[in-house]
Structures are given as structure tokens and as C-alpha cells.
1. In this structure, is residue 66 in contact with a helix residue (DSSP H, G or I) (Cβ under 8 Å, 6 or more places away or on another chain), buried (at least 18 other Cβ atoms within 10 Å of the Cβ), modelled with pLDDT of 90 or more and within 21 Å of residue 128 (Cα to Cα)?
2. May I ask you to verify whether residue 125 is in contact with a strand residue (DSSP E or B) (Cβ under 7 Å, 6 or more places away or on another chain), more than 17 Å from residue 64 (Cβ to Cβ) and either at pLDDT below 85 or part of a helix (DSSP H, G or I) (or both)?
3. Would you pick out the residues in the range 30-42 that are at pLDDT below 90 and farther than 18 Å from residue 107 by Cβ?
4. Kindly indicate whether any position in the range 92-105 is over 30 Å from residue 38 (Cβ atoms), within 19 Å of the chain's Cα centre (by Cα), in a helix (DSSP H, G or I) and modelled with pLDDT of 90 or more.
5. Take the residues in the range 107-121 that are in contact (Cβ under 8 Å) with a residue 24 or more places away in the chain and in a helix (DSSP H, G or I), then tell me which one is surrounded by the fewest Cβ atoms within 10 Å (Cβ to Cβ).
6. Please pick out the residue among 53, 91 that is surrounded by fewer than 18 Cβ atoms within 10 Å (Cβ to Cβ) and on the phi < 0 side of the Ramachandran plot.
């Protein structure tokens, strides 16, 4: 309890800041896809910056907005709601980018294969964890968002 008061008094949302930094690192530094000429060959890991720089810019901007909101002095509920939206938007952006990249790489050769790699999966997991953290603090009316996405708000 005391740590929450200290974090709130300092004006820094530590969980959101952590997830934003992890999201930026995952998008920028981890390989996003692995392109293979066929299903047997090993293939080459490709960064998102190499295959879709626009998607990288969007992901970095989304996680940057979350990081900035974590540092700004604003109401806790508003900050958590912004973090909830970003944590939903970032994995969706990664899914769209994966589809575009897969179509562009595999579309050149009918036997080529593209697999999702660590950058994609890390973005999805970080977005999920960030959503769980932020939506619990966001206090949406009646827990609507969590129920729509299949999470239970029941507490013992």
C-alpha cells in the first residue's frame, strides 16, 4: 500500500513506463519475422525496420505515447485509460504489420515461408500484460472493456 502512495505522489506510473520501454525495445531490437525460401531451409531473421519501417514508426509512437503518459502528471484513471488503449493498439498494429510483411515477402515465391519471430511475439505479450495492468486501474464503467475481451472482474 505504501509503495502505491509513493508512486502516485511522485507522478510516475511505473508499470506503464516499464511496459512502454519493453515495447520500444521489442519493436526496435528483436527480429520481427523469419523469411525462408521454402519450408525446409533455415531462413533469415528480419527486423521490423528492414521489412516495414512505417509499422516500426507507428509502434514506437504508440509505446512512446504510453511512456510519456506515464511520466506526465495527470489523473491516475486517465493515465490508465490511455495506457489501456495503447496496449490494445500496439499488438493490433503488429498483427497488421505481420500481414503486410508476410504478403510482401511470401508473395514473391509460392513456396516461400514467413514465420513470426521474437519481436512480434514480445510485442503481443507486452501489450497483453500492459492491458491487464492498465485496465485493472482504469476503472471503466462496470468493467465493460475487460468483460468484452473475456476477462473476469470477479474477486473473491
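1. On the way: in contact with a helix residue (DSSP H, G or I) (Cβ under 8 Å, 6 or more places away or on another chain): yes; buried (at least 18 other Cβ atoms within 10 Å of the Cβ): yes; modelled with pLDDT of 90 or more: no; within 21 Å of residue 128 (Cα to Cα): yes.
Considered against the rule, which asks whether it is in contact with a helix residue (DSSP H, G or I) (Cβ under 8 Å, 6 or more places away or on another chain), buried (at least 18 other Cβ atoms within 10 Å of the Cβ), modelled with pLDDT of 90 or more and within 21 Å of residue 128 (Cα to Cα), residue 66 comes out as no.
2. So residue 125 fails the test.
3. Matches in the range 30-42: 40, 42.
4. If we filter the range 92-105 for residues that are over 30 Å from residue 38 (Cβ atoms), which is where we start, we get 92.
Those left that are additionally within 19 Å of the chain's Cα centre (by Cα): 92.
With the extra rule that they be in a helix (DSSP H, G or I), the set shrinks to 92.
Going one step further and asking which of them are modelled with pLDDT of 90 or more, we end up with 92.
Scanning the range 92-105 turns up at least one residue that is over 30 Å from residue 38 (Cβ atoms), within 19 Å of the chain's Cα centre (by Cα), in a helix (DSSP H, G or I) and modelled with pLDDT of 90 or more.
5. Residues of the range 107-121 in contact (Cβ under 8 Å) with a residue 24 or more places away in the chain: 109, 111-120.
If we keep only those that are in a helix (DSSP H, G or I) as well, we get 118-120.
Working: 118: 15, 119: 27, 120: 23.
For the range 107-121, the residue satisfying everything is 118.
6. Values: 91 fails: surrounded by fewer than 18 Cβ atoms within 10 Å (Cβ to Cβ).
Only one candidate passes the filter, namely 53.
Matching residues to (1) surrounded by 18 or more Cβ atoms within 10 Å (Cβ to Cβ); (2) touching a strand residue (DSSP E or B) at 6+ places or on another chain (Cβ under 6 Å); (3) at pLDDT 90 or above; (4) at negative phi:
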position: 5; (1), (2), (3), (4): no, no, no, yes
position: 12; (1), (2), (3), (4): no, no, no, yes
position: 21; (1), (2), (3), (4): no, no, yes, yes
position: 28; (1), (2), (3), (4): no, no, yes, yes
position: 44; (1), (2), (3), (4): no, yes, no, yes
position: 49; (1), (2), (3), (4): no, no, yes, yes
position: 74; (1), (2), (3), (4): no, no, no, yes
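The values are calculated or read from the model by the stated rules, or taken from the named source; none is laboratory data. All figures in this text were calculated on a predicted structure; none of them were measured in a lab. Because the Cβ atoms are built from the backbone with ideal geometry, glycine has one as well, and the counts that use them run over all protein chains shown.
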